[in-house]
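Please read the structure below before turning to the comments.
The values are calculated or read from the model by the stated rules, or taken from the named source; none is laboratory data. Remember, predicted model here, so these are calculated numbers, not experimental data. A quick note on method: Cβ atoms are made from the backbone with ideal geometry, for glycine too, and the neighbour counts reach across all protein chains shown. Areas reflect the complete protein model, heavy atoms only, side chains present, ligands, DNA and RNA absent. Shrake-Rupley method; radii C 1.70, N 1.55, O 1.52, S 1.80 Å.
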2 protein chains.
Amino acid sequence: MPYFDTASAAPLHPVARQALQASLDEGWADPARLYREGRRARLLLDAAREAAAEAVGCRPDELVFTPSGTHAVHTGVAGVLAGRRRAGSRLVVSAVEHSSVLHAAAAHAAAGGSVVEVAVDRLGAVSAAGYRAALAEGTALACLQSANHEVGTVQPVAEVAGVCAEAGVPLLVDAAQSLGWGPVEGGWSVLTASAHKWGGPPGVGLLAVRKGVRFAPQHPADERESGRSPGFANLPAIVAAAASLRAVRAGAEAEAARLRVLVDRIRRRVVRLMPDVEVVGDADRRLPHLVTFSCLYVDGESLLHELDRAGFSVSSGSSCTSSTLTPSHVLRAMGVLSEGNVRVSLPPGTTAEEVNGFLEVLPGAVAGVRERLGVSGPPAVPAEPVADSVELDALGLRCPQPVIELARAIGTVPVGGTVTVLSDDEVARLDIPAWCAMRGHAYVGESPRPAGTAYTVRRVR
Amino acid sequence: MPYFDTASAAPLHPVARQALQASLDEGWADPARLYREGRRARLLLDAAREAAAEAVGCRPDELVFTPSGTHAVHTGVAGVLAGRRRAGSRLVVSAVEHSSVLHAAAAHAAAGGSVVEVAVDRLGAVSAAGYRAALAEGTALACLQSANHEVGTVQPVAEVAGVCAEAGVPLLVDAAQSLGWGPVEGGWSVLTASAHKWGGPPGVGLLAVRKGVRFAPQHPADERESGRSPGFANLPAIVAAAASLRAVRAGAEAEAARLRVLVDRIRRRVVRLMPDVEVVGDADRRLPHLVTFSCLYVDGESLLHELDRAGFSVSSGSSCTSSTLTPSHVLRAMGVLSEGNVRVSLPPGTTAEEVNGFLEVLPGAVAGVRERLGVSGPPAVPAEPVADSVELDALGLRCPQPVIELARAIGTVPVGGTVTVLSDDEVARLDIPAWCAMRGHAYVGESPRPAGTAYTVRRVR
């Protein structure tokens, strides 16, 4: 049963399992104690730190283990912001950071700090120029992911690090999605990562802070992990994390080349196999194992269930698969379609047969969902337009219904005529313009109404 | 090789190991995902929460899993203090709490809050009256451990909870040392615990917050664990923690009775086997598996090394075994001797033979250390006192040397005469009065000097 959501969590790497089991026997004691069990635990901890530091590309004393990637991000952001309080209270982040970074930023803003978001292009990438413009006087910290977790786009970290260095601002790089594939290039100041993303166990994050970066931990004092990560060290998991990072890295180049071919195949095929599908993210500057596409007139949750029934586990940034009923902030920042969104992230070892199996199942799954929504085939177009402009009441309808109504109505106006959709679904703001771009119509704009918002589209062809 | 420091960390319980291995296969996926691996992980997480909640004695939706007991304490203290900000900013803690509580309190004080410490008696116990007196207007939270981690004294939690309820102040109980032995009695509001103390894996703490307690998490937002514990859930460890808690509880009563006998044996024997030894903590109201004693004229670090060489792993609250060269705050709060301090905490399954082996080795180890310090046998007493009062320059000498010098000098003054020890070792303030109490002399008091402090003792017999 192929599991294609390794960007959420990877199954445990065999080396991680082996190391975990061995260190359950050797590494359960308190490494701060003087007796033999404690000394043995200390040796294991030191060795794990050296191995992880080598993979990260830093000194062992610059690296601490945290309970998760989220803890690494929260601690790293708060620590630098506090350490550089005298430099200012401005925090610069990209609009497509992982939620742990954005939540840390929101906490900073709630505490009176200022947060500036750097926009991305339609492929999900920031630019060094965008960071340069954002790094005003009083910037304490800038954050940038090494690669995006939802669309796989690789960010220009080295260039942004250069811009940050010129401005004298430390750069925190969230390397959660990429560290298993290789070290982060460029002059980063702080780096965070998460072991369960590379096949290590849950319960381990990495936080590396370069010597010389002012850092003031914001949690209560604790002498462990250089005072930067409170709590009893989860040593068996730390040992397993370090061992599996080394193992994954050893095979990373070959595996990346292999998965890149499989992902290219998915990118090419999905748009040929089905109508009204958009692949999002950069085709070249991307993670080797990850591809994301969105399907018009499809309800993401239903599609995920169809694929799950067919044996494929994938993820989605659609609003209907989130508890908040809002689409992924990444897709929103990119300005691309969010409905029927599917993220495929292949674990190491994925075979061509598994990918082919997925491509065989996918069109039927999408067609099935569209059929149940009443959108099989192109919408019936009346012989003659019925009016120059039409207004649709889509209040109370949830994604993808407002867009389906729009697609049905566009043929009822002449070329040059307008369709206005009245919707109270937040996703319409993203998906109606995206639909226009995909179908070659012109998006006129939105205007508030007593109930909901009116989105107007001009028929072009 | 007997390991007698289970109060620091317990070796993994066989049930924990089994559950951990099983859930490495079943529980690595993200429990928030909709596909089968995610649903399976969710089921495991829900079942673990139910089992742990039953053992704690709360509703499943009142309990979250944290990455450690320390995280549970930090989050619990900060969350209630913030949630009850309008009630006031006063925090009441006992003087003998675990460092995680005291560090959280210090962070509160550093942020402008007020902290009141409730004193303990010579056995290490607080009183309900002590808490009643401390619960002034404006108290946001009171904290009390269920049992002390260094001397094993069980605290009157139910009485203190009653006093807190009368005052309308929530009580946070740190149950790290006792939860494996049984649920915490009484009307606590918040409870924290740590799995690796009961034989669960590291990486799991428990935080239970009763419905109705105002709670405002202070970390950045995160939707997991009811918003009270950020980061990806360490599910295999959580499953192992819950399973082992249930297993440990099933045998707790029988094991407690068995270990209580062994600890009673240690308590009785150490004072008979060796001169100048003081057992500290309550003989009856105590944890079943833990005993602590201090040995005059002994350097704690040397004694631990001797015992380690003989195959016994124990802990110590002596200053020379801490990185800060200060004695345990628990022993200081109790006003008992800290030099040559040894904590023995027996893991389940400890045999009488192992305890007998320890009691055979211990006197030789203590005598060996004393011999190297030149204190074998009672100090030589001159036939006639040499002066009415003597002042000793012990500046620069570290524990236990100042007390050894004092013991040597006391015979040089007549009954009624005084010996003054000039010392810059912080421990002297604790150990010189303790020595007086043990040897039947009168402690006159201390006075500051340009270098160090002068401690004066009157010879009584």
### Message
Given an 8 Å cut-off on Cα distances and at least 6 residues of separation, report the relative contact order of chain B as a percent.
### Response
16
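Please sort A:62-72, A:86-96, B:437-447 by packing, taking for each peptide the average over its residues of neighbouring beta carbons within 10 angstrom, highest first.
A:62-72, A:86-96, B:437-447
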### Task
May I ask for the angle, rounded to the nearest 10°, between helix B:428-439 and the longest principal axis of chain B, with both axes built from Cα atoms and the value confined to 0 to 90°?
70
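Just the number please: accessible area per residue for chain A, 1.4 Å probe, all protein chains included, in Å².
Working: 16920 Å² over 461 residues.
Per residue, chain A has an accessible area of 37 Å².
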### Query
If we sort B:149-156, A:170-177 on the protection proxy, mean other Cβ atoms within 10 Å, highest first, what's the order?
A:170-177, B:149-156
### Task
Along each of the three principal axes of the Cα atoms of the stretch A:180-227, give the extent in whole Å, ordering the values from largest to smallest.
32, 28, 13
### Message
How large is the Rg to Rh ratio of the stretch B:14-250 when both quantities use alpha carbon positions and Rh follows Kirkwood?
### Response
0.98
### Query
Computed over the Cα atoms, what is the radius of gyration of chain A divided by 2.2 N^0.38 Å, N being its residue count?
1.07
### Query
How many angstrom separate the Cα center of the stretch B:403-461 from the Cα center of the stretch A:126-146?
63
### Query
Among A:Ala283, A:Ala257, A:His305, whose Cα lies farthest out toward the positive end of the dipole of the stretch A:175-316, if unit charges sit on the beta carbon of Lys, Arg (+1) and Asp, Glu (-1)?
A:Ala257
## Note on the structure
For A:Asp393, inter-copy label-point distances (7 Å, Cα→Cβ), nm, shortest first, read 9.9
### Query
³J(HN,Hα) across the stretch A:362-376 via Karplus (A = 6.51, B = -1.76, C = 1.60, θ = phi - 60°), whole Hz, x for Gly/Pro?
4, x, x, 5, 5, 4, x, 5, 4, 4, 5, 8, x, 10, 7
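Where the only charges are on Cβ atoms (+1 Lys, Arg; -1 Asp, Glu), what is the dipole of the stretch B:261-359 about its Cα centre, to the nearest 20 debye?
Its charge dipole is roughly 280 debye.
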### Task
Grab the eigenvalues of the alpha-carbon gyration tensor for the stretch B:316-452, scale each by 5, take roots, and send me the semi-axes largest first in whole angstrom.
30, 19, 13
### Summary
Cα extents of the stretch A:235-292 along the principal axes, largest first, in whole Å, come to 50, 21, 18
### Summary
Computed on Cα atoms, the radius of gyration and Dmax of the stretch B:242-367 in angstrom are 14.9, 45
### Query
Going by average Cβ neighbours within 10 Å, how do the peptides A:250-260, A:37-47, B:28-38 rank, with the highest at the top?
B:28-38, A:37-47, A:250-260
### Task
Once you have all Cα-Cα distances for the protein assembly as shown, histogram them in 20 Å bins from zero and send the whole-percent values.
14, 39, 31, 12, 4, 1, 0
### Charge tally in the Cβ shell below 13 Å around B:Gly199, where Lys, Arg are +1 and Asp, Glu are -1, B:Gly199 excluded
+3
### Query
Using only the Cα atoms, what convex hull volume per residue in Å³ does the stretch A:92-167 have?
77
#### Entry: Note, ³J(HN,Hα) from phi for the stretch B:110-122, Karplus 6.51, -1.76, 1.60, rounded to Hz, x at Gly and Pro
5, 8, x, x, 10, 10, 10, 9, 8, 6, 10, 7, 5
## Note on the structure
Rounded to a whole number, the mean other protein chain Cβ count within 10 angstrom for residues of A:198-205 is 6
#### Entry: Teacher prompt: A:Gly168 distances to equivalent labels in other copies, 7 Å Cα→Cβ, nm
5.2
## Note on the structure
Rounded to a whole number, the Stokes-Einstein D of the stretch A:1-58 in µm²/s (Kirkwood radius over Cα pairs; 25 °C; 0.890 mPa s) is 183
### Task
Mind jotting down the three principal axis lengths of the stretch A:389-458 based on Cα atoms? Whole angstrom, largest first.
28, 21, 19
### Query
Just going by the charge dipole of chain B, with Lys and Arg at +1 and Asp and Glu at -1 on Cβ, which of B:Ala136, B:Thr6, B:Thr350 is farthest out on the positive end?
B:Ala136
#### Entry: Net charge of Cβ neighbours under 12 Å - reference A:Leu63; Lys, Arg +1; Asp, Glu -1
-1
#### Entry: Accessible surface of the stretch B:273-372 [probe 1.4 Å, protein heavy atoms]: carbon and sulfur percent
50
### Message
Per-residue Cβ counts within 10 Å, from other chains only, averaged over A:70-77: what number is that?
### Response
3
### Summary
Mean other chain Cβ within 10 Å across B:8-21 is 3
### Query
With each label point set 7 Å from Cα along the Cα-Cβ vector, what nm distance links A:Glu166 and B:Gln21?
5.8
### Using a Förster distance of 56 Å, the FRET efficiency for B:Asn356-A:Asp121 (Cβ separation, nearest 0.05)
0.15
### Query
For the protein assembly as shown, what is the calculated [θ] at 222 nm in deg cm²/dmol (nearest 500), taking -39500 (n - 2.57) for each run of four or more DSSP H residues and dividing by its residue count?
-12000 deg cm²/dmol
